[in-house]
Amino acid sequence: MTFLVRTKRKISGLLKALFKKRTCRIGIYGPPNAGKTTLANRIVRDWVGDAVGPVSEVPHETRRVRRKEDITITGQNGSSITIDIVDTPGVTTKIDYNEFIEFGIEKEEAVKRAREATEGVAEAMHWLREDIDGVIYMLDSTLDPFQQVNIMLVGIIESRKLPVLIVANKNDLPDASPARIKSAFPQHPVIAISGLEGNNVEELYEQMTSYFG
Amino acid sequence: MEMIQGVQIDLISAERLDRLTAMEKIRLILDDVMEGNIVILEKGLAPDEQSKLIEITMREIAPDGFSGIEMETYPIRDAGNGFLAKLLGGKRSETRLTVIGPANQLKTLKKEKDLISAWVSSSR
Ligand SMILES: Nc1nc2c(ncn2[C@@H]2O[C@H](COP(=O)(O)OP(=O)(O)O)[C@@H](O)[C@H]2O)c(=O)[nH]1
Ligand SMILES: [Mg+2]
């Protein structure tokens, strides 16, 4: 291959990269243990075939922002979108390593986890300010949605003018109340699902294609 | 006033807040809260300031030390006539009253919350 041809290829590659619209990045936000990683894994498994990260009943299992690129989701109506899914650590205003000790984790490891969790939350906030194009805000629908951190986070997302879908997760549990979540956030679409069981995720995919498309 | 024994509450007026940059506000709040005090802002923080407050709070957390903040906001309806408003110079404000305290003193803050709610509602 001559130098000229190589240079030409390089340039055309550069031009393509320059003009190709960056894939839309959808961040999954919400408090710890809402089921963000469970949903991220389901989306990736349903549309790509592998997983994003480990799920745990111990809070702050996800201590780093994780991105899975180029996932194409097709709705029942046939329209589709290609997105990056960004799984984030749960957002909170407080972290105490004793939380981990209560789950039987040794002190040294608990302190390490707490530090990683604080870094992860800071990272997630940074992503929200800089790199996110749309948000799935996840809530455990068996819990009170009127927590200050939820109101604050949704306010921050709104101020950035990002489209947000609210997911009322864990609708497989008897005391789930998606209605309470709807009343807390009447300004946004709320979709009740079970990320674990897969209830109603088709509806979520459908909404994602039209809302983030 | 047994309830508030040993707890310092600092009120920061809207006027003062207006003169500070985002970082100055956050530093002022965190330095105070990290000393174990409760801070009341006459005027709520903007969403971007809230986002940075969370980020910087996370950076300040240390094992067996500071474990983060607890934060509540309250709408002000008749801020012009209330006790708190008088205390702060009677300046009317549409923005929300914000209470921030150290997370490990959650219990105290909850009590203070009632007290503060009482102040706000007594204005009607
Ligand atoms: N019952 C029920 N449990 C769920 C559901 N989604 C997640 N969980 C459980 O909630 C816990 C936290 O899940 P995870 O995905 O790690 O939450 P994250 O912290 O938001 O990422 C785990 O024990 C999950 O198995 C759901 O739809 N229903
Ligand atoms: Mg997770």
inquiry  = If I go through region A:60-80 residue by residue, how many of them are within 14 Å of chain B (Cβ to nearest Cβ) and within 9 Å of ligand 2 (Cβ to nearest atom)?
reply    = 2
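Would you confirm whether or not region A:144-155 contains a residue that is within 10 Å of ligand 1 (Cβ to nearest atom), crowded, with 18+ Cβ neighbours inside 10 Å and within 27 Å of residue B:99 (Cβ to Cβ)? Steps first, answer last, please.
So the first thing to find is which residues in region A:144-155 are within 10 Å of ligand 1 (Cβ to nearest atom), and the list is none.
The answer is no; no qualifying residue exists.
With B:26, B:56, B:61, B:38 as the choices, which residue is within 14 Å of chain A (Cβ to nearest Cβ) and surrounded by 21 or more Cβ atoms within 10 Å (Cβ to Cβ)?
Working: B:26 fails: surrounded by 21 or more Cβ atoms within 10 Å (Cβ to Cβ); B:56 fails: surrounded by 21 or more Cβ atoms within 10 Å (Cβ to Cβ); B:38 fails: within 14 Å of chain A (Cβ to nearest Cβ).
Sole residue among the options that is within 14 Å of chain A (Cβ to nearest Cβ) and surrounded by 21 or more Cβ atoms within 10 Å (Cβ to Cβ): B:61.
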ask   = Looking only at residues in region A:81-102 that are at the interface with another protein chain (Cβ under 9 Å from one of its Cβ atoms) and touching a residue at least 24 places away in the same chain (Cβ under 8 Å), which one is nearest to residue A:138 (Cα to Cα)?
value = A:91
message = Looking only at region A:109-135, filter to residues that are more than 10 Å from chain B (Cβ to nearest Cβ) and away from ligand 1 (no atom under 16 Å from the Cβ); which one of those is nearest to residue B:105 (Cα to Cα)?
response = A:109
query = If residue A:83 passes every condition in (1) at pLDDT 90 or above; (2) of a type outside the set (Asp, Glu); (3) within 15 Å of ligand 1 (Cβ to nearest atom) but one, which one does it miss?
reply = (3)
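I'm checking my understanding of the structure. Among residues of region A:167-179 that are over 11 Å from residue A:34 (Cβ atoms) and within 16 Å of ligand 1 (Cβ to nearest atom), which one is surrounded by the fewest Cβ atoms within 10 Å (Cβ to Cβ)?
Step one: list which residues in region A:167-179 are over 11 Å from residue A:34 (Cβ atoms), which gives A:171-179.
Restricting the remaining residues to those that are within 16 Å of ligand 1 (Cβ to nearest atom) gives A:171-178.
Values: A:171: 20, A:172: 14, A:173: 14, A:174: 5, A:175: 8, A:176: 19, A:177: 17, A:178: 21.
Per the stated criteria, the residue is A:174.
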task = Would you tally the residues in region A:71-127 being of a type outside the set (Gly, Ala, Ser), touching a Phe, Trp or Tyr at 6+ places or on another chain (Cβ under 7 Å) and more than 30 Å from residue B:64 (Cβ to Cβ)?
result = 6
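Go through A:162, A:196, A:153 for me and flag whichever is closer than 20 Å to residue B:46 by Cβ and either within 16 Å of ligand 2 (Cβ to nearest atom) or touching a Lys or Arg at 6+ places or on another chain (Cβ under 7 Å) (or both). Let's see the steps before the verdict.
On the way: A:162 fails: either within 16 Å of ligand 2 (Cβ to nearest atom) or touching a Lys or Arg at 6+ places or on another chain (Cβ under 7 Å) (or both); A:196 fails: closer than 20 Å to residue B:46 by Cβ.
Of A:162, A:196, A:153, the one residue that is closer than 20 Å to residue B:46 by Cβ and either within 16 Å of ligand 2 (Cβ to nearest atom) or touching a Lys or Arg at 6+ places or on another chain (Cβ under 7 Å) (or both) is A:153.
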remark   = Counting only residues that are more than 8 Å from ligand 1 (Cβ to nearest atom), in contact (Cβ under 8 Å) with a residue 12 or more places away in the chain and out of contact with any helix residue (DSSP H, G or I) (no Cβ under 9 Å at 6 or more places or on another chain), region A:24-66 contains a total of 3
inquiry  = Give me the residue from region B:64-79 that is at pLDDT 50 or above and in a loop (DSSP other than H, G, I, E, B) and, out of that set, nearest to the other protein chains (Cβ to nearest Cβ).
reply    = B:67
request  = Might you check whether a residue that is touching a residue at least 60 places away in the same chain (Cβ under 8 Å), within 22 Å of residue A:211 (Cα to Cα) and surrounded by fewer than 16 Cβ atoms within 10 Å (Cβ to Cβ) occurs anywhere in region A:120-130?
outcome  = no
inquiry  = Can you tell me which condition residue A:105 does not meet? The list is (1) under 23 Å from residue A:40 (Cα atoms); (2) away from every other protein chain (no Cβ under 12 Å); (3) surrounded by 16 or more Cβ atoms within 10 Å (Cβ to Cβ); (4) of a type outside the set (Ser, Thr, Tyr), and all the others hold.
reply    = (1)
task = Considering (1) modelled with pLDDT of 55 or more; (2) part of a helix (DSSP H, G or I); (3) crowded, with 18+ Cβ neighbours inside 10 Å, say which one residue B:99 fails and leave the rest.
result = (2)
key: Number of the condition not met by residue A:157 [criteria: (1) away from chain B (no Cβ under 11 Å); (2) within 30 Å of residue A:78 (Cβ to Cβ); (3) touching a helix residue (DSSP H, G or I) at 6+ places or on another chain (Cβ under 9 Å)]   = (1)
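The values are calculated or read from the model by the stated rules, or taken from the named source; none is laboratory data. Quantities reported herein were computed from a predicted structural model and do not represent experimental measurements. Here Cβ is always computed from backbone atoms with ideal geometry, including for glycine, and neighbour counts include all displayed protein chains.
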